[in-house]
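The values are calculated or read from the model by the stated rules, or taken from the named source; none is laboratory data. Given the structure is predicted, the values throughout are model-derived calculations rather than measurements. Methodologically, a virtual Cβ is constructed for each residue, glycine included, from the backbone with ideal geometry; neighbour enumeration extends over all protein chains shown. Each accessible area value is taken on the protein alone, full model and side chains, heavy atoms only, with ligands, DNA and RNA left out. Shrake-Rupley method; radii C 1.70, N 1.55, O 1.52, S 1.80 Å.
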Amino acid sequence: SVFAAKPAESRVYQTPADAMAVFPRRRSFGLLAVACVALLACTSTIRPVVAEEAPDASETFEFQAEVNRLLDIIINSLYRSKEIFLREVISNGSDALDKIRFLSVSDASVLDAEKNLEIRISFDKDARTLTIKDTGVGMTKADLVANLGTVAKSGTTNFVEAMSSGDASGDLSLIGQFGVGFYSVYLVADKVRVRSKHNDDEQHVWESAADSSFKVWKDDDGEALGRGTEITLFLKEDAGEFLDQDRLEELILRYSEFITFPIYLHKSKTETVTIEDDDEEEEAEDLDDDESEEDDEELDEDDEDEYEDDEDDAPKTEQVTTWEWHQVNSQTAIWSRDTKEVTDDEYKSFYKSLSKDAEDPTTWIHFRAEGEVEFKSILFVPGQVPFDMYDNYHTKSAQLRLYVRKVLITDEFEDLVPRYLNFLRGVVDSDDLPLNVSRETLQQHKVLKVMGKKLVRKALEMLRKLATQVDGSSDEDDDEAEEDEDTEEEDAEEAKDDPYLDFWAKFGKNIKLGIIEDSANRSKLTKLLRFKSNKSGDSWTSLEQYVESMKDWQKAIYYISGESIEAVEDSPFLEKVKAKDLEVLYLVDPIDEYAIQHVTEFDGKKLQSVTKEGLKFGDEDEDVEKKREKAYKDAFKPLTEYLKDLYGDAVTKVTVSKRVETSPTVIVTSQYGNSANMERIMRSQAFADQQKTSYMGAQKTMEINPRHPVVAELNQLVASENADDATADLAWLLLDNALMQSGFPAHDIAAFNDRVLRVMSKGLSLESLDLTPEIEIPEEEEEEEEEDVDVDLDDFAGIEEEL
């Protein structure tokens, strides 16, 4: 069915390449298509298959494969890096140990031949061999032929099938003893020799060079294993790196650090030892002779002799190399233990070992997920920010390690958790993940989506608990504050030690990015936001705290965006809000306004910018406000019309304001347009398009304060038709002043400069701005030449004698 084509025609292809050119190359069956076309030897032509039932007279054939070619595909196509072989062999050994341990539960005598359950790895640079030995269940002669002689044959697969059929001797938790993974050893080896001893059979040897044959014989001359399997790899010329003990230790720690059974590596160590000298007595006699010499020798010679004596007394040493077995995997997989059994110190130690970070983690969560997919996981929040956190944000993935039964599969997560959680560190261990045959890459599967959702939910739950730790303790302190005045100082100290505020200072930008990117969890992320406000002081406030402290009549959550806290604190937009004693959130991070655009409301309260149109407060009498607005509009109609005509396209309209107290004018933007701060950010982009930016510019509305004397006087001048060029200059200065106070640049910088100079000249009563003449430099008088004076040096002779 994979190669089904339209049944309209039947075509004959001369070569497999011609057939492959017709078939669609989809990733889901690309490897299968290549393997089938390359290995088909049963027919001379390939025809598209018609989707219909075969007649009764049809013959059935089996695919024939060249073993050499198939092994070459398995070895060189399934694995991306050579180092994977060590993980596969250790995993197979761990499976064998798991199996013998499982069998020992019902029959302890299976361990009589070898009590220790372990894996030992050694190497020989001269012979260029690498040996991996385990004391697991071992294999009989029949097992060697069946498991290693049949490609993709897994002994554990039969074991699981036996378990599912009701045989109590099976163990469903095994990965697979010898399947395709075993053949990864040929990535680095020309020849492989396997010696194995099973309790039910004698010791045998299996050997192959990855060709079409293998040998099996009874091992009468080799060292007795007792029980288990020993794999010896005869390494290729380009695999010399695997004869380096440091490289081997690095790979074991990377892939098999948390294997249940101890892994020992045969390591060399060079030490400096002292050699005993047989001529010590002769040297002592020489020293006595030196002391009997004459005492009138020079001091420097005595010092020289003493220095030489010290050199002679220095002990002789030599370099000695010793070999010993060193356990590599000392760390335990604490995620497999119950959370109540693991201490905080163990979590911190595990985090430092996992992340190579010197700082303790800020917080962590340890959980077991059940349901459609089961896995165990520990997630950590680092104590310090990675130096490249935002430099490669779109390509950087979370440093989460995926384990399958404590064997590392990959640490390159790209789609499992969203990008904004790329600061997380931790492990995920599952027994039934959908892996491909090489165990290196995850298949795209709905199970992964389910796992990703659970990881994100647990990560946000961890941050939520961190955010509410101090909140819960502060509630208790508030009850005691009525009786003890010192509680306020204690609360302030606790706020400084708030672990969530420390997290917010380091990773708050990630939460804001999550608001933009993760619509499914936006409501949870919104509760994690923290802001400065006009009432927060040195602390921070959340949206929940803002809602709790709102006025009874307040209907919206107010915010203002700007370049810095100092800039927004002095903004004229806060005049009316401060007069009503309302709290305003400060959005001073460049990403704040992007994020807040995705949060239209919180807890039933709409978010309202104080710099945009439509600003309303809930304490006004609407009827009174409408009448007052109409009265002001009629009174200042001459000025509003005059200003609109004068400004032209510089503003969209001119209206009477209800949001300012002491400022004469402000510039507000449309409710759904860009604010002044957003325009500033867009202009600052490295690849900003000036033409496009002008199209997306804010629709500016000038609001005038009808109670301000400057505005009232201008209105009278316009109404009395006494407006002149000076009035126009003042009106333009009023606009430029409003633009700059509201965060916009001046409309026309050159015209603004000219107007300022004209206003200054009028204030100084200057009749003209023509330049004054240049200053005249006075002529310098010629200096009189000094007359030469003859000096008689004899006149100084008496002075010299007195000195």
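Going by amide H atoms built from the backbone, whose H comes under 5 Å of the H on Lys535, apart from near neighbours?
Sorted by chain and number, the residues that satisfy this are Val584.
What are the ³J(HN,Hα) values, in whole Hz, obtained from phi via the Karplus relation 6.51 cos²θ - 1.76 cosθ + 1.60 with θ = phi - 60°, for each residue of segment 609-626 in sequence order, with x given for Gly and Pro?
7, 7, 9, 10, 5, x, 6, 9, 10, x, 9, 7, 8, 4, 5, 5, 5, 5
Would you mind checking which residues have amide H under 5 Å from Lys700's amide H? H placed 1.01 Å from N; only 5 or more apart, or other chain.
For Lys700, the qualifying residues are Thr652.
Quick one: ranking Glu776, Glu622 by accessible area, 1.4 Å probe, largest first, what do you get?
Glu776, Glu622
For segment 735-742, take each phi angle, set θ = phi - 60°, evaluate the Karplus expression 6.51 cos²θ - 1.76 cosθ + 1.60, and give the result in whole Hz per residue in order, putting x for glycine and proline.
So the J values, rounded to whole Hz, are 5, 4, 4, 5, 4, 5, 5, 8.
Taking H placed 1.01 Å from N in the peptide plane, check which residues at least 5 places from Gly383 or on another chain put their amide H under 5 Å from its amide H.
Amide H neighbours of Gly383, under 5 Å, 5+ apart: Thr362.
Just going by the charge dipole of segment 588-653, with Lys and Arg at +1 and Asp and Glu at -1 on Cβ, which of Thr652, Val588, Thr640 is farthest out on the positive end?
Thr640
Might you work out the accessible area of Glu207 for me, using a 1.4 Å probe with all protein chains in place, and round it to the nearest 10 Å²?
30
Give a residue-ordered list of calculated ³J(HN,Hα) values for segment 584-593 (Karplus: 6.51 cos²θ - 1.76 cosθ + 1.60, θ = phi - 60°; whole Hz; x for Gly, Pro).
Coupling constants for segment 584-593: 10, 7, 9, 10, 10, 7, x, 7, 4, 6 Hz.
Sort the following peptides by mean Cβ neighbour count (other Cβ atoms within 10 Å, averaged over residues), highest first: 405-411, 613-619, 130-136.
The densest-packed peptide leads the list: 130-136, 405-411, 613-619.
With a/c under 1.5 counting as rounded, go ahead and sort segment 209-257 into rounded, prolate or oblate using the C-alpha gyration tensor (a ≥ b ≥ c being the square roots of the eigenvalues; past the cut-off, prolate if a/b is larger than b/c, else oblate).
Since a/c reaches 1.5 but b/c is at least a/b, the shape of segment 209-257 is classed as oblate.
Provide the solvent-accessible area of Glu341, counting protein heavy atoms only and rolling a 1.4 Å probe, rounded to the nearest 10 Å².
Here the residue's solvent-accessible area equals roughly 120 Å².
If you count only protein heavy atoms and use a 1.4 Å probe, how large is the accessible surface of Trp335, to the nearest 10 Å²?
0
Between beta-carbons, use under 13 Å as the cut-off and find the net charge around Leu513, counting Lys and Arg +1, Asp and Glu -1.
Local charge sum for Leu513: +1.
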